[in-house]
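Accompanying notes for the structure given below.
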Amino acid sequence: MGKAILFSAPSGCGKTTIIKELMQYFDCFGFSISATSRAPRGDERDGVDYHFISHDEFRRRAEAGSFIEWEEVYPGTCYGTLKSEVERIWDEGKVIVFDVDVNGGRNLKRHFGDQALSIFVMPPSVEVLEQRLRSRGTDSEEAIVKRLGRSAEELKQAPHFDVTIVNDDLRRAVDETRQVIEKFLNE
Ligand code: ADP
Ligand code: 5GP
(Lines give C-alpha, C1' and ligand atoms only; values in the text may rest on other atoms or scores of the structure.)
(Ligands and ions follow the chains in the order given, each with its own letter.)
Protein backbone atom coordinates (compact mmCIF):
# COMPACT_ATOMS: atom_id res chain seq x y z
CA MET A 1 0.00 0.00 0.00
CA GLY A 2 1.34 3.43 -0.98
CA LYS A 3 0.32 6.93 0.04
CA ALA A 4 -2.67 9.04 -0.96
CA ILE A 5 -3.72 12.70 -0.84
CA LEU A 6 -7.44 13.46 -0.70
CA PHE A 7 -8.87 16.83 -1.68
CA SER A 8 -12.44 17.61 -0.69
CA ALA A 9 -14.55 20.76 -0.68
CA PRO A 10 -17.86 22.02 -1.98
CA SER A 11 -17.90 22.47 -5.74
CA GLY A 12 -16.26 25.75 -6.83
CA CYS A 13 -13.80 26.08 -3.91
CA GLY A 14 -10.80 25.49 -6.19
CA LYS A 15 -9.85 21.80 -5.78
CA THR A 16 -9.31 21.21 -9.49
CA THR A 17 -7.27 24.41 -9.87
CA ILE A 18 -5.01 23.58 -6.92
CA ILE A 19 -4.59 19.92 -7.95
CA LYS A 20 -3.59 20.92 -11.52
CA GLU A 21 -0.87 23.24 -10.13
CA LEU A 22 0.43 20.56 -7.76
CA MET A 23 0.45 17.83 -10.44
CA GLN A 24 3.03 19.91 -12.30
CA TYR A 25 5.20 20.20 -9.19
CA PHE A 26 5.04 16.63 -7.82
CA ASP A 27 6.23 14.09 -10.42
CA CYS A 28 5.23 11.31 -8.04
CA PHE A 29 1.49 12.17 -8.23
CA GLY A 30 -1.04 10.05 -10.10
CA PHE A 31 -4.57 11.47 -10.36
CA SER A 32 -7.41 9.04 -9.63
CA ILE A 33 -9.82 9.45 -12.53
CA SER A 34 -13.30 8.99 -11.07
CA ALA A 35 -16.33 7.67 -12.92
CA THR A 36 -19.34 9.98 -13.18
CA SER A 37 -22.79 9.86 -14.72
CA ARG A 38 -22.73 13.58 -15.54
CA ALA A 39 -21.91 14.95 -18.99
CA PRO A 40 -18.50 16.53 -19.74
CA ARG A 41 -18.25 20.26 -18.94
CA GLY A 42 -16.13 22.89 -20.71
CA ASP A 43 -12.97 21.27 -22.13
CA GLU A 44 -13.14 18.13 -19.98
CA ARG A 45 -11.99 14.93 -21.69
CA ASP A 46 -13.16 11.36 -21.18
CA GLY A 47 -10.47 9.23 -19.55
CA VAL A 48 -8.51 12.32 -18.49
CA ASP A 49 -10.78 14.34 -16.19
CA TYR A 50 -13.36 11.62 -15.59
CA HIS A 51 -14.60 8.37 -17.03
CA PHE A 52 -17.93 9.66 -18.33
CA ILE A 53 -20.45 6.81 -18.27
CA SER A 54 -24.23 6.49 -18.45
CA HIS A 55 -26.37 6.22 -15.35
CA ASP A 56 -27.11 2.54 -16.17
CA GLU A 57 -23.44 1.76 -16.60
CA PHE A 58 -22.71 3.47 -13.28
CA ARG A 59 -25.31 1.30 -11.49
CA ARG A 60 -23.91 -1.82 -13.16
CA ARG A 61 -20.37 -1.03 -11.98
CA ALA A 62 -21.59 -0.20 -8.47
CA GLU A 63 -23.40 -3.56 -8.28
CA ALA A 64 -20.30 -5.34 -9.61
CA GLY A 65 -18.27 -3.85 -6.72
CA SER A 66 -15.97 -1.80 -8.97
CA PHE A 67 -15.91 1.22 -6.62
CA ILE A 68 -14.10 1.81 -3.31
CA GLU A 69 -16.73 4.45 -2.62
CA TRP A 70 -19.40 6.19 -4.60
CA GLU A 71 -21.95 8.93 -3.89
CA GLU A 72 -25.00 10.41 -5.53
CA VAL A 73 -23.45 13.85 -4.97
CA TYR A 74 -26.37 15.69 -6.61
CA PRO A 75 -29.81 14.15 -7.20
CA GLY A 76 -29.46 11.92 -10.26
CA THR A 77 -25.68 12.47 -10.59
CA CYS A 78 -23.27 9.87 -9.25
CA TYR A 79 -19.49 9.91 -8.80
CA GLY A 80 -17.27 7.02 -7.75
CA THR A 81 -13.66 6.05 -7.04
CA LEU A 82 -12.67 3.02 -9.11
CA LYS A 83 -10.64 0.25 -7.45
CA SER A 84 -8.83 -0.15 -10.78
CA GLU A 85 -7.52 3.45 -10.54
CA VAL A 86 -6.00 2.83 -7.11
CA GLU A 87 -4.33 -0.38 -8.37
CA ARG A 88 -3.06 1.34 -11.53
CA ILE A 89 -1.49 4.28 -9.68
CA TRP A 90 0.09 2.27 -6.87
CA ASP A 91 1.42 -0.27 -9.40
CA GLU A 92 3.26 2.68 -10.98
CA GLY A 93 4.74 3.47 -7.54
CA LYS A 94 2.96 6.83 -7.40
CA VAL A 95 1.07 8.77 -4.73
CA ILE A 96 -2.67 8.81 -5.49
CA VAL A 97 -4.46 12.16 -5.64
CA PHE A 98 -8.22 12.12 -5.16
CA ASP A 99 -10.71 14.93 -5.88
CA VAL A 100 -13.88 13.80 -4.13
CA ASP A 101 -16.88 15.30 -2.37
CA VAL A 102 -16.85 15.73 1.39
CA ASN A 103 -18.57 12.39 2.16
CA GLY A 104 -16.27 10.58 -0.24
CA GLY A 105 -13.26 12.26 1.41
CA ARG A 106 -14.29 11.06 4.84
CA ASN A 107 -14.95 7.54 3.57
CA LEU A 108 -11.61 7.33 1.78
CA LYS A 109 -9.77 8.64 4.87
CA ARG A 110 -11.43 5.88 6.90
CA HIS A 111 -10.41 3.37 4.23
CA PHE A 112 -6.76 4.44 3.91
CA GLY A 113 -6.11 5.67 7.48
CA ASP A 114 -2.61 7.05 8.11
CA GLN A 115 -1.60 6.27 4.53
CA ALA A 116 -3.75 9.21 3.44
CA LEU A 117 -3.61 12.96 4.06
CA SER A 118 -7.08 14.52 3.85
CA ILE A 119 -7.20 18.17 2.80
CA PHE A 120 -10.27 20.38 2.96
CA VAL A 121 -10.24 23.38 0.60
CA MET A 122 -12.15 26.27 2.16
CA PRO A 123 -13.44 29.30 0.19
CA PRO A 124 -12.72 32.74 1.72
CA SER A 125 -16.51 33.19 2.08
CA VAL A 126 -19.78 31.79 0.75
CA GLU A 127 -20.16 34.95 -1.38
CA VAL A 128 -16.79 34.35 -3.05
CA LEU A 129 -17.72 30.69 -3.62
CA GLU A 130 -20.88 31.78 -5.44
CA GLN A 131 -18.91 34.29 -7.56
CA ARG A 132 -16.37 31.60 -8.50
CA LEU A 133 -19.05 29.12 -9.50
CA ARG A 134 -20.65 31.77 -11.69
CA SER A 135 -17.44 33.08 -13.21
CA ARG A 136 -16.28 29.51 -14.03
CA GLY A 137 -19.01 29.73 -16.64
CA THR A 138 -19.40 25.96 -17.04
CA ASP A 139 -22.59 25.25 -15.09
CA SER A 140 -26.25 25.99 -15.76
CA GLU A 141 -28.14 28.14 -13.26
CA GLU A 142 -29.85 24.97 -12.05
CA ALA A 143 -26.51 23.23 -11.46
CA ILE A 144 -25.13 26.29 -9.61
CA VAL A 145 -28.16 26.38 -7.31
CA LYS A 146 -27.78 22.63 -6.58
CA ARG A 147 -24.08 23.10 -5.80
CA LEU A 148 -24.59 26.12 -3.54
CA GLY A 149 -27.49 24.39 -1.78
CA ARG A 150 -25.21 21.60 -0.71
CA SER A 151 -22.25 23.78 0.28
CA ALA A 152 -23.39 24.96 3.77
CA GLU A 153 -23.66 21.40 5.07
CA GLU A 154 -20.35 20.43 3.43
CA LEU A 155 -18.46 23.40 4.91
CA LYS A 156 -19.41 22.24 8.42
CA GLN A 157 -17.46 19.04 7.87
CA ALA A 158 -14.05 20.74 7.55
CA PRO A 159 -12.98 19.77 11.12
CA HIS A 160 -13.07 16.09 10.13
CA PHE A 161 -10.15 16.59 7.73
CA ASP A 162 -6.42 16.48 8.61
CA VAL A 163 -5.77 19.96 7.17
CA THR A 164 -7.85 22.96 6.03
CA ILE A 165 -6.46 25.27 3.34
CA VAL A 166 -8.19 28.60 2.77
CA ASN A 167 -8.14 29.26 -0.97
CA ASP A 168 -8.04 33.07 -0.96
CA ASP A 169 -4.94 33.99 -2.95
CA LEU A 170 -4.23 31.04 -5.26
CA ARG A 171 -0.42 31.29 -5.07
CA ARG A 172 -0.44 31.35 -1.29
CA ALA A 173 -2.92 28.47 -1.08
CA VAL A 174 -0.88 26.33 -3.50
CA ASP A 175 2.36 27.05 -1.58
CA GLU A 176 0.78 26.18 1.75
CA THR A 177 -0.66 22.95 0.33
CA ARG A 178 2.69 22.03 -1.19
CA GLN A 179 4.43 22.44 2.19
CA VAL A 180 1.84 20.34 4.02
CA ILE A 181 2.14 17.57 1.41
CA GLU A 182 5.96 17.60 1.47
CA LYS A 183 5.89 17.14 5.24
CA PHE A 184 3.40 14.24 4.93
CA LEU A 185 5.42 12.51 2.19
CA ASN A 186 8.63 12.78 4.22
CA GLU A 187 7.12 11.32 7.38
P1 ADP B 1 -13.66 22.86 -7.80
O2 ADP B 1 -12.74 21.91 -8.51
O3 ADP B 1 -13.47 22.82 -6.31
O4 ADP B 1 -15.10 22.69 -8.18
P5 ADP B 1 -12.44 24.90 -9.51
O6 ADP B 1 -10.97 24.57 -9.37
O7 ADP B 1 -13.13 24.50 -10.76
O8 ADP B 1 -13.24 24.35 -8.22
O9 ADP B 1 -12.55 26.48 -9.25
C10 ADP B 1 -13.78 27.17 -9.44
C11 ADP B 1 -13.50 28.51 -10.16
O12 ADP B 1 -12.78 29.39 -9.27
C13 ADP B 1 -12.64 28.37 -11.41
O14 ADP B 1 -13.13 29.27 -12.40
C15 ADP B 1 -11.24 28.77 -10.94
O16 ADP B 1 -10.47 29.33 -11.99
C17 ADP B 1 -11.55 29.82 -9.87
N18 ADP B 1 -10.56 29.88 -8.77
C19 ADP B 1 -10.01 28.84 -8.11
N20 ADP B 1 -9.17 29.28 -7.13
C21 ADP B 1 -9.20 30.63 -7.18
C22 ADP B 1 -8.55 31.67 -6.41
N23 ADP B 1 -7.71 31.41 -5.40
N24 ADP B 1 -8.85 32.94 -6.74
C25 ADP B 1 -9.71 33.23 -7.75
N26 ADP B 1 -10.34 32.31 -8.51
C27 ADP B 1 -10.10 31.02 -8.23
P1 5GP C 1 -17.84 18.26 -10.46
O2 5GP C 1 -19.15 17.92 -11.12
O3 5GP C 1 -17.76 19.73 -10.06
O4 5GP C 1 -16.64 17.79 -11.26
O5 5GP C 1 -17.78 17.44 -9.10
C6 5GP C 1 -18.81 17.57 -8.18
C7 5GP C 1 -18.36 16.97 -6.87
O8 5GP C 1 -18.18 15.55 -7.01
C9 5GP C 1 -17.03 17.53 -6.38
O10 5GP C 1 -17.13 17.79 -4.99
C11 5GP C 1 -16.06 16.42 -6.66
O12 5GP C 1 -14.96 16.42 -5.77
C13 5GP C 1 -16.95 15.21 -6.40
N14 5GP C 1 -16.40 13.95 -6.93
C15 5GP C 1 -15.68 13.75 -8.06
N16 5GP C 1 -15.31 12.46 -8.17
C17 5GP C 1 -15.79 11.82 -7.06
C18 5GP C 1 -15.71 10.47 -6.59
O19 5GP C 1 -15.13 9.58 -7.18
N20 5GP C 1 -16.35 10.21 -5.41
C21 5GP C 1 -17.02 11.16 -4.72
N22 5GP C 1 -17.60 10.79 -3.56
N23 5GP C 1 -17.11 12.43 -5.13
C24 5GP C 1 -16.49 12.76 -6.29
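The values are calculated or read from the model by the stated rules, or taken from the named source; none is laboratory data. All figures in this text were calculated on a predicted structure; none of them were measured in a lab. Note that we place each Cβ from the backbone using ideal geometry, even for glycine, and neighbour counts take in every protein chain shown. The protein model used for the area step is the full one, side chains on, heavy atoms only, and it has no ligands, DNA or RNA in it. Shrake-Rupley method; radii C 1.70, N 1.55, O 1.52, S 1.80 Å.
Observations on the structure shown:
- Taking a quarter of the surface of the Cα convex hull of region 1-124 gives a mean projected area of 7.8 nm².
- Neighbour net charge for residue 129 - beta-carbon separation under 15 angstrom, K R +1, D E -1: +1
- At full extension, residue 26 and residue 54 could sit 6.8 nm farther apart than now, given 0.36 nm per residue minus the alpha carbon distance.
- Within the accessible area of the chain (1.4 Å probe), percent carbon and sulfur: 48 percent
- Of the trypsin sites (Lys or Arg not before Pro) found in region 103-187, the ones in coil according to DSSP and having at most 12 other Cβ atoms within 10 Å of their Cβ are 156.
- Mean Cα-pair separation over length for the chain, i.e. relative contact order, pairs under 8 Å, 6 or more apart, %: 33 percent
- Span from the region 98-161 Cα centroid across to the region 1-30 one, whole angstrom: 13 Å
- Sparsely packed loop sites in region 1-108 (the GluC sites (Glu not before Pro) outside DSSP H, G, I, E and B with at most 14 other Cβ atoms within 10 Å) comprise 92.
- Within straight-line reach of residue 183, meaning a Cα separation under 16 Å, sit the following lysines at least 8 residues removed in sequence or on another chain: 3.
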